1. Taking a probe of 1.4 Å, how large is the accessible area per residue of the range 11-158, in Å²?
2. How large is the translational diffusion coefficient of the range 2-113 in µm² per second when you combine the Kirkwood radius over alpha carbon pairs with Stokes-Einstein at 25 °C and 0.890 mPa s?
3. So, counting K/R as plus one and D/E as minus one, what does the shell of residues with Cβ under 12 Å around Pro89 add up to?
4. What does the net charge come to around Met130 if you take all other residues with beta carbon closer than 12 Å to its beta carbon, with K and R at +1 and D and E at -1?
5. Could you state, as a whole-number percent, how many of the C-alpha pairs of the range 61-158 are farther apart than 24 Å?
6. How many angstrom separate the Cα center of the range 27-96 from the Cα center of the range 112-142?
7. Applying 1/(1 + (r/R0)^6) with R0 = 25 Å to the Cβ-Cβ distance of Ser141 and Ile70, what FRET efficiency is obtained, to the nearest 0.05?
8. May I ask what percent, to the nearest 5, of DSSP beta bridges between residues of the chain are antiparallel?
Amino acid sequence: MCRALEPLGLVWIEEPLDAHDFEGHAVLASTFDTPIATGEMLTSTAEHAELIRAGGADVAQPDAPRIGGITRFLKVMALADHRNLQLAPHFAMEIHVHLAAAYAREPWVEHFEWLDPLFDEHLEIADGRMHLSPRPGLGASISDQVRACTVAEHEIRA
Ligand SMILES: [Mg+2]
């Protein structure tokens, strides 16, 4: 498939193999000019380190919620930067847009509207680029719609 897609000059080919086949991805990354993107299914910093060490990704796709948070994401980002990889965090762009903005090379940030109902504020996108909010923290607050689905207290009776 990679051979057939190569003439199209794609920005990347995403996860063409099983997510944990680091060596297989490395073979593809070294064989083809089209960048290989992968990593969104990995669940730890250690897995990302193994993938990056194997040379299995031209484009790293860590997912902060999936690997345990922002601190772990920053560790993966440092490893990716050390290997001069492109960065394209997976999903959860309300978090990732802030992290990606701190990367050494202009990153990609995915955009889905699926999470819009969760927050009062929405990501600002113009001319193909996301613009960071000047609001504190991640710049998003939980919407009333979501608050209505949560409870502040819950009593459990035996
Ligand atoms: Mg993806």
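1. On the way: 8600 Å² over 148 residues.
Using a 1.4 Å probe on heavy atoms only, each residue of the range 11-158 averages 58 Å².
2. Working: Rh = 13.8 Å.
Estimated diffusion coefficient is 178 µm²/s.
3. Working: positive: Arg66; negative: Glu40, Asp63, Glu94, Glu110.
Around Pro89, the surrounding residues sum to -3.
4. On the way: positive: Arg129; negative: Glu94, Glu106, Glu110, Glu124, Asp127.
Computed value for this residue: -4.
5. Values: 1462 of 4753 pairs.
Percentage above 24 Å: 31.
6. 23 Å
7. Working: r = 18 Å, r/R0 = 0.71.
The calculated FRET efficiency here is 0.90.
8. On the way: 4 of 10 bridges.
Bridges in the chain are about 40 percent antiparallel.
The values are calculated or read from the model by the stated rules, or taken from the named source; none is laboratory data. These numbers come from a predicted model, not from an experiment. Note that each Cβ is placed from the backbone with ideal geometry, even for glycine, and that neighbours are counted across all protein chains shown. When the accessible area is computed, the model is the full protein with side chains, heavy atoms only, and any ligands, DNA or RNA have been set aside. Shrake-Rupley method; radii C 1.70, N 1.55, O 1.52, S 1.80 Å.
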